[in-house]
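J.: Just dropping this structure here.
All of the numbers you see were taken from the coordinates with simple rules; none came from a lab. On a predicted model such as this, the values are computed, not experimentally measured, just so you know. Don't worry about glycine lacking a Cβ; one is built from the backbone with ideal geometry, like all the others, and counts go over all protein chains shown.
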Amino acid sequence: MFEKFKKTKKKPVSISEEEIVKGSIPNHIAIIMDGNGRWAKKRSLPRTAGHHEGMKVVKRVTKLASRLGVKTLTVYAFSTENWKRPEDEVNYLLRLPQEFLGTFLPELIEENVQVRIMGNKEAIPAHTQKAVDKAVNDTKHNTGLVLNFALNYGGRAEILDAVNHILLDYQEGNLHKKIDENVFDQYLMSAGLQDPDLLIRTSGEIRLSNFMLWQLAYTEFWFTDVLWPDFKEQHLLEAIHAYQKRGRRFGGV
């Protein structure tokens, strides 16, 4: 029963895009991009170098996911717990979206990718907010892959925020129906998106780290020892290939 949670081998198997598209493609892939700091440390580089390299991987993975027909790609860019890191690293992490979107936005538009953000945007620096808002606005009419950045995001905070909004709507007389899963979904930051079919976490860690706690209830997990800056297109193909071999019963038989 624990087969699904085994870490993958370091060397990915050779799988082609043509082979993958013959099978079931996950509609929504979520990624915990872990290992940037360790990647940099192994090379005697500052941790920020690992984060910079990691953003290049986001670009490659986004393009491949789009080609394969994935509808949503959610990447864990900055968590509510990341504020505990050294100030210079936090400042760099919060400049990365501006750098990434500033250079990659024309390609996102060309590839019909729509950018979305979930998290407490008000707490991030103004320059980051401006870059994010521009990317969201400039791609809002695109109909292809949704590239969803979890930025200053935490799963527990998201659930508490949803509960508080439900209470407020009830108190103000704006809510007149029973709270079921479908109603609750609409109060989450991921409202309008399907729950992830596949979660990928790199770097060998096997935990959720406060990521999409509600949405991952029936998601398939795939873990790898590969550090995020070393994550190649072939690793994504391998993860999807593993997903395609699983039987998803959602509690049934």
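J.: Return the residues of the stretch 85-106 that are of a type in the set (Asp, Glu) and under 19 Å from the mean Cα position of the chain (by Cα); say none if nothing qualifies. Walk me through it before giving the result.
T.: Of the stretch 85-106, the ones of a type in the set (Asp, Glu) are 87-89, 99.
Correct list: 99 only.
J.: Only one of these is loosely packed, with under 14 Cβ neighbours inside 10 Å, out of contact with any Lys or Arg (no Cβ under 8 Å at 6 or more places or on another chain) and among the aliphatic types (A, V, I, L, M): 198, 175, 188, 168. Name it. Walk me through it before giving the result.
T.: Values: 198 fails: loosely packed, with under 14 Cβ neighbours inside 10 Å; 175 fails: loosely packed, with under 14 Cβ neighbours inside 10 Å; 188 fails: loosely packed, with under 14 Cβ neighbours inside 10 Å.
The unique qualifying residue is 168.
J.: OK, next. Please return the ranges of strands (runs of 3 or more DSSP E) entirely within the stretch 142-253 where 2 or more residues are more than 30 Å from residue 21 (Cβ to Cβ).
T.: Values: elements: 146-153, 198-201, 220-223.
Because the criterion is at least 2 residues that are more than 30 Å from residue 21 (Cβ to Cβ), the strands (runs of 3 or more DSSP E) in the stretch 142-253 that meet it are 146-153.
J.: Under 7 Å by Cβ, and 6 or more places apart or on different chains, what pairs join a residue from the stretch 48-75 that is over 17 Å from residue 234 (Cα atoms) with one that is part of a helix (DSSP H, G or I) and β-branched (Val, Ile, Thr)?
T.: So the pair list comes out as 75/58.
J.: Okay, moving on. Scan the stretch 233-244 and tell me whether some residue there is more than 27 Å from residue 111 (Cα to Cα) and of a type in the set (Val, Ile, Thr).
T.: No - not one qualifying residue is present in the stretch 233-244.
J.: Does the stretch 189-203 hold any residues that are closer than 19 Å to residue 58 by Cα and in contact with a Gly (Cβ under 8 Å, 6 or more places away or on another chain), and which are they? Working first, answer last.
T.: Step one: of the stretch 189-203, the residues closer than 19 Å to residue 58 by Cα are 196-203.
If the condition is that a residue be closer than 19 Å to residue 58 by Cα and in contact with a Gly (Cβ under 8 Å, 6 or more places away or on another chain), then 202, 203 are the ones that fit.
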